[in-house]
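The values are calculated or read from the model by the stated rules, or taken from the named source; none is laboratory data. Bear in mind the structure is a predicted one, so any value in this text is a computation, not a measurement. Positions of Cβ are backbone-derived with ideal geometry, glycine not excepted, and every protein chain shown enters the neighbour counts.
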Amino acid sequence: MSDALVTQETIESRILIIRGQKVMIDRDLAELYGVPTKYLNQQVRRNIDRFPETFMFQLSEQEKTEVVANCNHLAVLKFSHQLPCAFTEHGVTMLASILNSDRAVKMSIFIVNTFIRLRQILYKNKELSERLDDIEEKVLLHDTAIIEINHAISELSAPKPEKEKKIGFRKE
């Protein structure tokens, strides 16, 4: 994949949520960095002290199966005996430093900017969601009040049945 063909949408489509974190799979990163996946993982193993679990983790067999099922471009992982590694935003940055190539540095900056953009979108959506929840709550309160008002009006406007007056004399 050449630099010219990589768009923000391409990178966004490769960012997955696994274990509650936004991550990219080693195969996708290797393709973006222009190196074989084997070489990328070899460099990570040689510099494993730079990759704590908050930067990188290996997928479980079940996670691998889910990724393969949900991502068509990762279908080739189905037959791989190796469990793929997932890299967080910080892991992506660290990869650029160990791969030490111009393309890796440029691509890392591009990927990190995409992570930041996604975080901003999520923050705005969260803010919007909270506002909508507030409005919905107010509307529900108003609905309840309107129903009560309508009920009171219908009681007041309904003709009250008059007591039947008996004709004639009454004995007291």
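The figures follow:
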item: Where a residue in the range 95-124 is over 15 Å from ASP28 (Cα atoms) and surrounded by fewer than 16 Cβ atoms within 10 Å (Cβ to Cβ) and its partner, wherever it lies, is modelled with pLDDT under 75 and of a type in the set (Ser, Thr, Tyr), with Cβ under 9 Å and at least six apart; result: SER97/SER108
item: Residue within the range 25-39 that is under 18 Å from the mean Cα position of the chain (by Cα), buried (at least 19 other Cβ atoms within 10 Å of the Cβ) and not aromatic (Phe, Trp, Tyr) present; result: yes
item: Odd one out for VAL76, checked against (1) of a type in the set (A, V, I, L, M, F, W, C); (2) more than 20 Å from GLN21 (Cβ to Cβ); (3) in contact with a Phe, Trp or Tyr (Cβ under 8 Å, 6 or more places away or on another chain); result: (3)
item: Which numbered condition ILE17 fails, given (1) out of contact with any helix residue (DSSP H, G or I) (no Cβ under 7 Å at 6 or more places or on another chain); (2) surrounded by 20 or more Cβ atoms within 10 Å (Cβ to Cβ); (3) of a type in the set (A, V, I, L, M); result: (2)
